[in-house]
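What follows is a short report on a single structure.
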Amino acid sequence: MSTLFDDYRERHAFIVGLGEVLAPWPARLTPSAQTDFDIGGEYHYYQAGRGTAVIVFVAIAATLAKLFLR
């Protein structure tokens, strides 16, 4: 676990993935494991960011639904 997010490329890939799901507009680029979309070889961090963003999005939607749809 000591190597988790210890490099700026790992953090950047995670934040890019997180932002692409939470942002209300389409993704600017469509990265894949074969492209070098500023995430280098850290595609798994990008995918983890996207997965985390989906969980955060669902939690926000559930909270808003509970607050406003009583």
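Of all residues in the stretch 51-70, which are among the hydrophobic types (A, V, I, L, M, F, W, C) and in contact with a helix residue (DSSP H, G or I) (Cβ under 7 Å, 6 or more places away or on another chain)?
Within the stretch 51-70, A53, V54, V56, F57 qualify.
Any chance you could count how many residues in the stretch 17-37 are modelled with pLDDT of 65 or more and not small (G, A, S)?
So in the stretch 17-37, the residues modelled with pLDDT of 65 or more come out as 17-27, 30.
From what's left, not small (G, A, S): 18, 20-22, 24-26, 30.
Final tally of qualifying residues: 8.
Taking the stretch 14-25 as the search range and keeping residues that are small (G, A, S) and within 12 Å of T52 (Cβ to Cβ), which one is surrounded by the most Cβ atoms within 10 Å (Cβ to Cβ)?
G17
List pairs: first in the stretch 10-32 and in a helix (DSSP H, G or I), second modelled with pLDDT of 85 or more and among the polar types (S, T, N, Q), Cβ under 7 Å, 6+ apart or cross-chain?
So the pair list comes out as G17/Q47; L18/T52.
The values are calculated or read from the model by the stated rules, or taken from the named source; none is laboratory data. Here the structure is a predicted model, which means the values were calculated and not measured. Neighbour counts are summed over all protein chains in view; Cβ atoms, including those assigned to glycine, are modelled from backbone coordinates with ideal geometry.
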